[in-house]
Amino acid sequence: IHAVRAGLVDPTFATGYPLVAWDSVHYLEIMRHGYPPRSITHVPEIIAFFCNYCAYAAADLAGSRRMQYPSNVRVMHVPCTGKIEMEHILAAFEKGIDGVLIAGCLEGGCHFLEGNLRAKKRSEYLREMLDQIGVGRDRLRMVNLSAAMAPTFVERVKEIVETVESLGPNPLRKSG
Ligand code: FES
């Protein structure tokens with residue numbers, strides 16, 4: 001009602017949305033992102049880098065078994081987790097991604113011998129760095145899976161989504 005009086009909301013706003021006393025910031029959020037405003041119901045955006053062998057096969061198996069996991073995880077295939085450069089992860093966080101999951105083969109099972117071990121070292125280094133820049137280490141996680149570990153894959157995806165939800169939006173996310 002205050003917003004209508006202040007001229008921020010058209011009283012003929014015939015969308016069925018409740019007319020509440022949004023301040024102008026919320027109103028602009030609604031205009032940009034729809035209702036409810038993103039700042040109130042933030043859905044975390046998560047990127048999962050999956051190596052094309054074991055991890056992707058585990059995800060595929062989970063899909064074929066119709067196992068449910070959160071849909072707000074965007075999957076990127078990589079030939080091996082060793083191919084993921086630190087710049088890729090940092091660029092994702094700079095662009096406002098809320099969480100990153102790296103899934104590779106089990107240790108000793110990498111098809112490129114040591115790719116997953118390199119990825120492990122990089123992700124540990126990056127987790128430190130994320131703490132130092134105030135983003136938080138828990139937004140980045142690496143897991144190792146065999147092709148048969150569909151249930152573990154689902155658990156890990158759920159875990160990172162829950163963790164990132166509890167952390168809230170990436171502080172580097174630009175408002176608007
Ligand atoms: Fe899967 Fe290297 S091939 S982590």
What order do you get for L106, L61, L145, L113 when you list them from fewest to most C-beta neighbours inside 10 Å?
-> L113, L106, L61, L145
Cα→Cβ-extended label distance, 7 Å offset, between L106 and A148, nm = 0.8
At 0.36 nm per residue, minus the direct Cα-Cα distance, what do A91 and E114 gain on full extension? Give it in nm, one decimal, please.
-> 5.9 nm
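Just want the ordering: C80, C54, from fewest to most Cβ atoms lying within 10 Å of their own Cβ.
Listed from fewest to most nearby Cβ atoms, that is C80, C54.
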Hits among lysines - C-alpha to C-alpha of K83 under 18 Å, sequence gap 8 or more where chains match = K120, K121
Give me the number: length gained by fully extending R137 to R74, i.e. 0.36 nm times residue separation minus the C-alpha to C-alpha distance, one decimal in nm.
-> 20.7 nm
The answer for the net charge of residues other than F112 whose Cβ lies under 11 angstrom from its Cβ, with Lys and Arg +1 and Asp and Glu -1, is +1
In what order do R139, R66, R127 fall by count of nearby beta-carbon atoms within 10 Å, going from fewest to most?
-> R66, R127, R139
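Report the net charge of residues surrounding A48, where surrounding means a beta-carbon distance below 15 angstrom and charges are Lys +1, Arg +1, Asp -1, Glu -1. Show your work: numbers first, answer last.
On the way: positive: R74, K83, R139, R141, R156, K158; negative: E45, D60, D98, E155, E159, E162.
With Lys, Arg at +1 and Asp, Glu at -1, the net is 0.
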Please work out the Cα center distance from region 140-163 to region 69-119, rounded to the nearest Å.
-> 12
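If each residue of separation counts as 0.36 nm, what is the full-extension length gain between D60 and H42 once their alpha-carbon separation is subtracted? Don't jump to the answer; show the numbers that get you there.
On the way: separation 18, 0.36 × 18 = 6.48 nm, distance 2.78 nm.
That works out to 3.7 nm of additional length.
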Protection proxy ranking of 42-48, 72-78 - average other beta-carbon atoms within 10 Å, highest first | 42-48, 72-78
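With a sphere of radius 13 Å drawn around the Cβ of S166, what net charge do the other residues whose Cβ falls strictly inside it have (Lys, Arg +1; Asp, Glu -1)? Walk me through the numbers on the way to the answer.
Working: positive: R139, K158; negative: D98, D138, E159, E162, E165.
Surrounding charge for S166 is -3.
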Quick one: which residues, 5 or more positions from V75 or on another chain, have an amide H under 5 Å from its amide H? H modelled 1.01 Å from N in the peptide plane, none for Pro or chain starts.
-> A48
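No value in this document is a laboratory result; all are computed from the given coordinates. None of these values were measured; they are calculated from a predicted model. In this analysis, Cβ positions are derived from the backbone assuming ideal geometry, glycine residues included, and neighbour counts consider all displayed protein chains.
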